[in-house]
Amino acid sequence: REDPAGTLAHIKELVHAALDKAGTALEDVVGIGVSVPSPVDVKQTGQLSPEVLPAWKDVNIVRAVEETFGLPTFVDNDANLGALAELWWGAGQGGDDLAFVKIGTGVGCGLIVNGDVYRGVAGFAGELGHMSIVDASGSREVDPRGRLTALVGAEQIVSEARRRLPEYPDSTLASDEAILSVRSIGQAAAEGDELATQIMTEAGHYLGVAIANLLNILNPKTVVLGGAIASAG
C-alpha cells in the first residue's frame, strides 16, 4: 500500500518464482495479469485509485511491469479477478451469473453478468463496501460508520474484538500467544469461541443485509464469499 517500488520488485520476484515452479521460460509466456486492491478505470490503464492507494498516484503499474518483462500486462480489481476465477474454474463454471464478494480491508464485489465481468461505466461497479447498511445520515466522518466496510472490514472486526476482550478473559483470543486478525477470529468462531462467534455473527448480519440487497438488484445464480472472513463458516 505504501511502497510502490518495493511492491514492483516483489512482483518481479513472484513472477520468476512462478516460472521456476512451472518449469516455464519467460519466452513462452503470452502475458501477465496483476490483481490489485483498488478500483481500476478501464480508460486509464495502469493507474490505480489515488483515493484508495495515494502512494501509487504517479505510478503506472502496467507500464512498470511491461518494461520489466517485455510482455503485455493486464491489471484489474482483485474482486473482478476473483469472480473471473470462479467463472473459469469454480462455482460459476458454465457461464452463469455470479457475484464474488471479497471481504478484506474493504469489501469489494466482482460481478459476472451474461458470462462476462460487469464493470459499469468507469470500472467502479461492485463497490459493495460503500453501500449504506445502517443510518449514518448525521455523520460528518469521511468514512461513515453506516457503510458496509465500516461494519465488516478487517480493521473494524479486529478493533471490535480488541475492545471486547476484557469482557471475555477465557476467550482463546485473550491468550498471550493469540494474534488478532480476521483469520484468527474467524477460526476461533469456527471452533466455538464465544467472543469470536458474537463478533462474526454481527458481521454476518450486516453482510447478509448487503448481499440480500445485491440479490434483489442483480439476481445472480451464485454468490461466493472470499477473504479471511469466509473461514468463519
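Computed values, structure above
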quantity	calculated
Per-residue [θ]222 nm for the chain (sum of -39500 (n - 2.57) over DSSP H runs n ≥ 4, rounded to 500)	-12000 deg cm²/dmol
Among Val152, Leu128, Val59 the positive-end extreme of the charge dipole of the chain (Cβ point charges)	Leu128
Computed magnitude of the charge dipole of the chain (debye, nearest 20; Cβ of K, R +1, Cβ of D, E -1)	480 debye
Segment 38-86 - percent relative contact order, Cα under 8 Å, separation 6 or more	32 percent
Accessible area of segment 88-233 divided out per residue, in Å², using a probe of 1.4 angstrom	55 Å²
Mean Kyte hydropathy of -1.0 or more with a Cα span along the axis of at least 18 Å, helices from DSSP in the chain	4-22, 194-218
Rg(Cα) / (2.2 N^0.38 Å) computed for segment 97-233, rounded to two decimals	1.13
Reciprocal of mean inverse Cα separation for segment 152-233 (Kirkwood radius, Å)	13.4 Å
Exposure of Phe69 as accessible area (Å², to 10), given a probe of 1.4 Å and all protein chains	20 Å²
Accessible surface ranking that places the most exposed of Tyr168, Tyr118, Tyr206 first, with a 1.4 angstrom probe	Tyr118, Tyr206, Tyr168
Surface accessible to a 1.4 Å probe, Met200 within the full protein complex, Å²	20 Å²
Partner lysines for Lys57 [C-alpha distance under 17 Å; skip if fewer than 8 residues away on the same chain]	Lys43
Computed accessible area, His205, all protein chains, 1.4 angstrom probe, square angstrom	110 Å²
Solvent exposure ordering (accessible area, 1.4 Å, most first) of Ser132, Ser175	Ser132, Ser175
Cα centroid of segment 1-21 to Cα centroid of segment 64-119, whole Å	20 Å
Where the Cα pairs of segment 1-58 fall when distances are cut into 10 Å bins, in %	19, 43, 29, 9
Reciprocal mean inverse distance between Cα atoms of the chain - Kirkwood radius, Å	19.5 Å
Cα pair distances of segment 1-115 binned at 10 Å [whole percent]	13, 38, 36, 13
Among Gly153, Gly23, Gly126, residue whose mean-square fluctuation peaks in a GNM of the chain (springs only between Cα atoms under 10 Å)	Gly23
Principal axes of segment 34-76: Cα extent on each, largest first, Å	29, 18, 17
Carbon and sulfur %, accessible surface of the chain computed with the full protein complex present, 1.4 Å	53 percent
Qualifying aspartates and glutamates (Cα of each under 16 Å from Cα of Lys12; at least 8 residues distant if same chain)	Asp3, Asp20, Glu27, Glu66, Glu67
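The values are calculated or read from the model by the stated rules, or taken from the named source; none is laboratory data. This one's a predicted model, so the numbers in the text were calculated from it and none came from an experiment. Heads up, the Cβs are rebuilt from the backbone with ideal geometry, glycines too, and the neighbour counts pull from every protein chain shown. All accessible areas refer to the heavy atoms of the entire protein, side chains included, with ligands and DNA or RNA removed. Shrake-Rupley method; radii C 1.70, N 1.55, O 1.52, S 1.80 Å.
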